[in-house]
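The values are calculated or read from the model by the stated rules, or taken from the named source; none is laboratory data. Computed from a predicted structure; not experimentally measured. Methodologically, a virtual Cβ is constructed for each residue, glycine included, from the backbone with ideal geometry; neighbour enumeration extends over all protein chains shown. These area figures cover heavy atoms from the full protein model, side chains too; ligands, DNA and RNA do not enter into them. Shrake-Rupley method; radii C 1.70, N 1.55, O 1.52, S 1.80 Å.
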Amino acid sequence: MKLTASSVLPEWKERIAQAKEHIIIFAPYWDELVIDLLDHCRKINKQLGDASLPVTIVTTENPTNYLISSSAFAALEKAHKDFLVKALPNLHAKSMIVDGHIVSCGSQNFTYNSHNNMKELSFLFDESSSKTIEGWKEAYSTLLQWEEIAEEVDDSLIEELRERIKSYQEVEQRVKAHRFEKSKRRLKEAAKREPAYDVKIQNGSLVLTEINISYPSILALKKTKADKSDWMTLIDSNHDNQLLFVRMNEQSISYALQTLKGTITLPSGSELKYVLGPNSKSKTSNLLITLSSTSGDHTYTAYLQLCYHGKKPTFVNWRTKKVKWEGGRSTKQLREDLDQLINSGTLFDEIFETFKPYPVFGKGIEKIGAYISPRSKTLKLLKFGKHPIWYLS
């Protein structure tokens, strides 16, 4: 028996490869990691000339459990076609039984997110010592009872879950919309307390009409600084709080950036596409970098949060790590490549190639007048934490 604070995926793979009789997986939260584990098992069995090893997945019919990642419900649909999948109300145990022996139990879910990103604690049991543990027989018997009373997942239950998930997603969208409206109201209230500066659109730029004040001096009043070559955030309240990234001169703000797209060559030679744009996924950063790489039949997507409020850009952690993989799914090579890009600063260099300090009225970047509402009359300066945000109203 071993207690480990690292991922137990390697042990799951090893024990499944040795299975001869039956595999039972108790997984309230799971994704394609389970499919990959069992595909590995079937590949081993085919090599041995036996592809009929019985597999049972005991999960839950709680629809919210399938909202944890985009691949969770897809994994359920796929497993339902190939294996025996059963649903047990209120299941929260994460465990695996192979050939009558409990392999593991602990906090780790059968998801790539748990494997790659989360801090987990699990017990691993070997065949020789597991049955000598106090309470093992009773616990094993209980697990088998749960497996027996669980309801088999059929097509009708899949469809019912699909509808319930859809309902939850619709509610979630309404909640997000409500939060967005609430955030807009807060910005509007905060803006009421700030002095307003009259502006006009002139030659595609946002120009201060009062010549005795400059944009740098407005920032100085807030005890913050930003050079005219720095990108800053601007919110247009007349365009449903549209988020733009702009540069300023002494008297004018010009050049609006909404999204930036490109391709990076990874150290391994493969390509990684990126999109840089406004971030609606986080309250702690204003830019989101979405990266995607295709390998074989899979497209792997990663998210990085970027703070860039008139100062040096910095990455913001998703909980404990800088990179958040969609569905927790990636490859070892891709993770190593991306880590190398981030740690060496190459990712910044590649993405911010477009963000070089051009002269404010240089060529090749759009003017802000193409994006903002013509109704805008005044500009205010708000604070996002310690960072300045221009608020156009």
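The calculated FRET efficiency for Glu21 paired with Ser141, based on their beta-carbon distance and R0 = 25 Å, is about 0.90.
Put Asp36, Asp337 in order of accessible area, highest first, and with a 1.4 Å probe you get Asp36, Asp337. Accessible area of Glu181 (1.4 Å probe, protein heavy atoms only, ligands and nucleic acids ignored): about 80 Å². Heavy atoms of the protein chains alone define the surface here; on that basis segment 131-245 has 67 Å² accessible area per residue at 1.4 Å probe size.
Within a straight-line Cα-Cα reach of under 14 Å, Lys188 can be paired with the following aspartates and glutamates, leaving aside sequence neighbours fewer than 8 residues apart in one chain: Asp236, Asp240. For the set Lys94/Lys182; Lys322/Lys383; Lys223/Lys377, the pairs lying more than 28 angstrom apart at their alpha carbons are Lys94/Lys182. Here the simple spin-label model places points 7 Å from the Cα toward Cβ, and for Arg174 and Glu250 these points are separated by 5.5 nm. Heavy-atom accessible area, probed at 1.4 angstrom with all protein chains present, ranks His92, His298 as His92, His298, highest first. The portion of the accessible surface of segment 54-102 made up by carbon and sulfur, rounded to a whole percent, is 51 (1.4 Å probe; DNA, RNA and ligands excluded). Estimated at the nearest 10 Å², the accessible area of Arg186 is 150 Å² with a 1.4 Å probe.
Taking every protein chain into account, the 1.4 Å probe leaves Asp198 with about 90 Å² of accessible area, to the nearest ten.
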